[in-house]
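The values are calculated or read from the model by the stated rules, or taken from the named source; none is laboratory data. Just so it is clear, the structure is predicted and the values come from calculations on it, not from any experiment. Note that each Cβ is placed from the backbone with ideal geometry, even for glycine, and that neighbours are counted across all protein chains shown. Heads up: the accessible areas ignore ligands, DNA and RNA and are worked out on the full protein's heavy atoms, side chains in. Shrake-Rupley method; radii C 1.70, N 1.55, O 1.52, S 1.80 Å.
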Amino acid sequence: MHAQPRTPDNASTAYPAYGFSHRELMLCVALQQRLRHPALLALMRTVSRLGNGIFWYALMALLLAAGHLQAAFRMAVAGVAGVLLYKWLKKVTSRPRPYARGGTVVALTAPLDEFSFPSGHTLHAVAFTLVACFYLPLLAWVLVPFTLLIALSRVVLGLHFPSDVLAGAAIGSLLAVLVLMA
């Protein structure tokens, strides 16, 4: 059901070819070990699943139904551009996920694809949140915490390194700015 972690030959070695260091790997291990409470893990899995798209599609539908056509349209454009961009980046970088290289990091939910860089969940969450909040700032009370939980969930669940999440957030921010300027 869940992907089995693979142990590298020497877990204390940096993996420069994959763009991450032992320190970042150990941060993944520490987060996963400290945040292993069953209720918290259930929350992380739920947030991650909602971040697969269903939450964002529902939000776009609600925005359309409420007459916020520009917000929904720009979110959709950001979504399509984000998918194209992150899939290309994952193919180009081919960075293994933490559970696949860390030995002590475990995949606590199944990944949607093989590679780690960047976090597509975080990229989309940030882009969608920024676009939606540009049009409806009151949504920030719900969307900002949800986006932060998505980003955290990706590391806690063993699917991304912190730098994957930070890169996803940066790319999502840039994407939102570009979509809003268009």
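So if I check each of 103, 120, which one is of a type outside the set (Ser, Thr, Tyr) and within 15 Å of the chain's Cα centre (by Cα)?
Criteria check complete, one pass: 120.
Which of the numbered conditions does residue 108 fail, given that it passes all the others? Conditions: (1) of a type outside the set (Val, Ile, Thr); (2) more than 10 Å from the chain's Cα centre (by Cα); (3) over 24 Å from residue 33 (Cβ atoms).
Failed condition: (3).
Only one of 176, 170 is at pLDDT 95 or above and either open to solvent by less than 40 Å² (accessible area, probe 1.4 Å) or not in a helix (DSSP H, G or I) (or both). Can you tell me which?
Going through 176, 170 in turn, the sole match is 176.
Might you let me know whether region 71-90 holds any residue that is outside any helix (DSSP H, G or I), surrounded by 13 or more Cβ atoms within 10 Å (Cβ to Cβ) and either under 14 Å from the mean Cα position of the chain (by Cα) or not charged (D, E, K, R) (or both)?
no
Pull out all pairs, ordered by first then second residue, where Cβ-Cβ is under 8 Å, the residues are six or more apart or on different chains, the first lies in region 58-84 and is at negative phi, and the second is buried (at least 22 other Cβ atoms within 10 Å of the Cβ) and among the aromatic types (Phe, Trp, Tyr).
Short answer, once both residue conditions are applied: 59/128; 75/56; 75/128; 78/128; 79/56; 79/128.
Read through the list (1) modelled with pLDDT under 95; (2) within 29 Å of residue 22 (Cβ to Cβ), then give the number of the only condition that residue 182 fails.
Here residue 182 clears every test but (2).
One residue is enough: does region 92-112 have a residue meeting the conditions assigned to a helix (DSSP H, G or I) and loosely packed, with under 14 Cβ neighbours inside 10 Å?
Yes - at least one qualifying residue is present in region 92-112.
Filter region 113-124 for residues that are in a loop (DSSP other than H, G, I, E, B), of a type outside the set (Asp, Glu) and out of contact with any Gly (no Cβ under 6 Å at 6 or more places or on another chain); which is least open to solvent (accessible area, probe 1.4 Å)?
Step by step, filter region 113-124, then rank; the result is 116.
Any residue at all in region 132-140 that's over 20 Å from residue 32 (Cα atoms), assigned to a helix (DSSP H, G or I) and open to solvent by less than 20 Å² (accessible area, probe 1.4 Å)?
Yes, the conditions are met somewhere in region 132-140.
Hey, any hits in region 142-165 for a residue that's open to solvent by 10 Å² or more (accessible area, probe 1.4 Å), farther than 23 Å from residue 21 by Cα, part of a loop (DSSP other than H, G, I, E, B) and touching a residue at least 12 places away in the same chain (Cβ under 8 Å)?
No, region 142-165 contains no residue that is open to solvent by 10 Å² or more (accessible area, probe 1.4 Å), farther than 23 Å from residue 21 by Cα, part of a loop (DSSP other than H, G, I, E, B) and touching a residue at least 12 places away in the same chain (Cβ under 8 Å).
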